[in-house]
Structure formats: C-alpha cells, structure tokens
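Engineer: Got a structure for you, written out below as structure tokens; questions coming shortly.
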Amino acid sequence: MDDSTLQVYTILFVVITIVLVYTSRFFSARRMPRLSQGRVPGFKRLSGWVGEAIEAGRPLHLSFGSAGIDAESAPVAAAEAELFYHVIKAAGSGDVAPVISTSSAATIPLCQDTIRRAWAGDERRSRAQWFPQGPRSMAFAAGLTATMQVEDPSAHVLAGSFGPELALILDSAERQGQGSFAVSDQLEGGAIAFAMADEVLIGEQLFSAAAWLSHESTARADASVQDVWRGLLIALMAILVIIEVAGQLGIASWSLVLWAALALVVIGVVFVRRR
C-alpha cells in the first residue's frame, strides 16, 4: 500500500469517526439513554466501594502505574484520568480525599489536576503521590504497599500501565481486606489483574470506562461509537478471511461473500440483543 492510498484511508477513517461521534451525540442528547452497569459488573461493585469509603471516612486509592503523558502510554493516561475524575467526583461527599499515585514524574501534574477538578476540599495537592519511576518498578510496588497500610483505603482502582509488579500490589490489598479494580495496557499486568483482582477490565474497555460512571450523554455517545467501530472492524476482518479462504479453495464467488456477510450481520444482531 503506497502513501497516497494510506492517506486516503486515514482521511476516510477520520471523517467517518467524526460523523459517527456527532450523530451519536445528537441522538443521545435527545433521548438520554443510560448505560447499564450490569453489562460490566465491576462498575457496579466500584460504586459500592465509593459508598463504603464515604460512610467509613476512608479514602480510595487510584493509580496510573507507569502510564505517562510523555510516553507511548499517553492515551491510556488520558483515558484513566477521565475515569478517575468520575470516581473522585462520586466520592466528593466524603470527608477524606482519594489518593492518586504514579511512577511517572510527568504524570504528577495530571494527578493534581484530576483531583483539583473533581474534589472541592483543601487537601487536594497532598493526595498526589509519586514513587520511583519505571515500567516494572518493584520500588513502586513497595511504596504502594506502605501507602495501603498508612492510608488504609477502602478500595484500589489500579487503571493504567502495570507489569508483574501488580501481583505484589494486589496480594497486599487482598491480605488487608481492601477491594481491587484493575486494568492494564501491558499483557503481563492484564493477566495478573484477571487472576488476582476483585474486578477487572479487559483490553479496550479501559478507553470507554469513564462512560460507565458518567451521567453525560456525550460520554455515553462516544462509548457507543467505539462499539460501532469495533463491530465494523471485526465484521470486515471476518469477511476478508472468508474471501481469502474461499479463494484458496477455488470456490470464491460474490454469492458466498453475500451469504457470509448476511450471516455475520445476523450473529451481530443476536449478540447485541443478548447484551
């Protein structure tokens, strides 16, 4: 594929995305659909942890891990900052501000800004904590373990970039009876979160996580656009695979492709209705 063709496809992708986003926002603003937290049980439990923190006068602990705004994980840091904003805002009626931690020095201003926007109390600056930097920093895990004992948070929202060090953090949380909600953009961290965390998100769910806690129609509309693109890309890849296999078998025909596409549409509709 030459550069000109790639540029055309890129422009088409951007234009279609913009049209989908604003169309979805328009209809969402008119009928204000509400996302069901039951589709992702972890968010329902997270809301319960927020309530427990308010009642017990204990903080929540939120962590970016090594996700930084100066690295390849910048989109992850931005997505999780939005998630943390809604979590902190939900806990705003409590007496103790949540704690935000990071191992990326460049992310400290983002931590402070997230607390400043969501929390109205006077202890906002002191609740952003930095521990030694590194994508797989055991010192970071050790620092968080100490924070768990000193701050005694009711639950941990570990959403960002974590590697094997996440196992130490989750093990400490379990031993101290503290809830854990985890998601990582690293393969090792995602596997550990799935095995050890109380609640977990998988893959691209972290980029639409804020929409599940937000009451804004625009956030829910953006999440629905991601679902649309995911379905379109999966359908396109499936059709290309069918065409390739049919071509190798010598039975390729437009009728076969049409029936395969129709079958995929039916399966997609059934899947969406079951959700």
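Engineer: Hey, among the residues in the range 143-166 that are more than 22 Å from Ala77 (Cβ to Cβ) and hydrophobic (A, V, I, L, M, F, W, C), which one's surrounded by the fewest Cβ atoms within 10 Å (Cβ to Cβ)?
Structural biologist: Selected residue: Val150.
Engineer: Among the residues that make up the range 80-91, is at least one of them modelled with pLDDT of 80 or more, among the β-branched types (Val, Ile, Thr), assigned by TED's automatic domain parsing to the domain that holds Thr147 and not in a loop (DSSP other than H, G, I, E, B)? If you could, list the steps in order and put the result at the bottom.
Structural biologist: Here is the first cut: in the range 80-91, the residues modelled with pLDDT of 80 or more are 80-91.
Going one step further and asking which of them are among the β-branched types (Val, Ile, Thr), we end up with 87-88.
Still in the list and also assigned by TED's automatic domain parsing to the domain that holds Thr147: 87-88.
If we keep only those that are not in a loop (DSSP other than H, G, I, E, B) as well, we get 87-88.
Within the range 80-91, one or more residues are modelled with pLDDT of 80 or more, among the β-branched types (Val, Ile, Thr), assigned by TED's automatic domain parsing to the domain that holds Thr147 and not in a loop (DSSP other than H, G, I, E, B).
Engineer: For the range 196-217, enumerate the residues that are farther than 20 Å from Val50 by Cα and open to solvent by 60 Å² or more (accessible area, probe 1.4 Å). Explain how you work it out, then say what you get.
Structural biologist: Within the range 196-217, the subset farther than 20 Å from Val50 by Cα is 196, 202-205, 207, 217.
Those that are farther than 20 Å from Val50 by Cα and open to solvent by 60 Å² or more (accessible area, probe 1.4 Å): Met196, Ile202, Glu204, Gln205, Phe207.
Engineer: Taking Glu52 as the residue in question, decide whether it is among the acidic types (Asp, Glu) and either modelled with pLDDT of 85 or more or open to solvent by less than 70 Å² (accessible area, probe 1.4 Å) (or both). Even if it seems obvious, please write down each step before you answer.
Structural biologist: Values: among the acidic types (Asp, Glu): yes; either modelled with pLDDT of 85 or more or open to solvent by less than 70 Å² (accessible area, probe 1.4 Å) (or both): yes.
The answer is yes for Glu52.
Engineer: Something else about it: Kindly establish whether Gly189 is closer than 25 Å to Arg127 by Cα and not polar (S, T, N, Q). Walk me through it before giving the result.
Structural biologist: Details: closer than 25 Å to Arg127 by Cα: yes; not polar (S, T, N, Q): yes.
Considered against the rule, which asks whether it is closer than 25 Å to Arg127 by Cα and not polar (S, T, N, Q), Gly189 comes out as yes.
Engineer: Only residues that are among the hydrophobic types (A, V, I, L, M, F, W, C) and either open to solvent by 70 Å² or more (accessible area, probe 1.4 Å) or closer than 12 Å to Pro164 by Cα (or both): list them for the range 175-195, please.
Structural biologist: Within the range 175-195, Leu187, Ala191, Ile192, Ala193, Phe194, Ala195 meet the criteria.
Engineer: Tell me which residues, restricted to the range 59-76, are open to solvent by less than 20 Å² (accessible area, probe 1.4 Å), of a type in the set (A, V, I, L, M, F, W, C) and touching a helix residue (DSSP H, G or I) at 6+ places or on another chain (Cβ under 6 Å).
Structural biologist: Kept after step one, since they are open to solvent by less than 20 Å² (accessible area, probe 1.4 Å), are these residues of the range 59-76: 59-65, 67-68, 73, 76.
Now restrict to residues that are of a type in the set (A, V, I, L, M, F, W, C): 60, 62, 64, 67, 76.
Correct list: Leu60, Leu62, Phe64, Ala67.
The values are calculated or read from the model by the stated rules, or taken from the named source; none is laboratory data. In this text the structure is predicted, and so the values were computed from the model without any measurement. Because the Cβ atoms are built from the backbone with ideal geometry, glycine has one as well, and the counts that use them run over all protein chains shown. Surface areas here come from the heavy atoms of the whole protein model, side chains and all, with no ligands, DNA or RNA. Shrake-Rupley method; radii C 1.70, N 1.55, O 1.52, S 1.80 Å.
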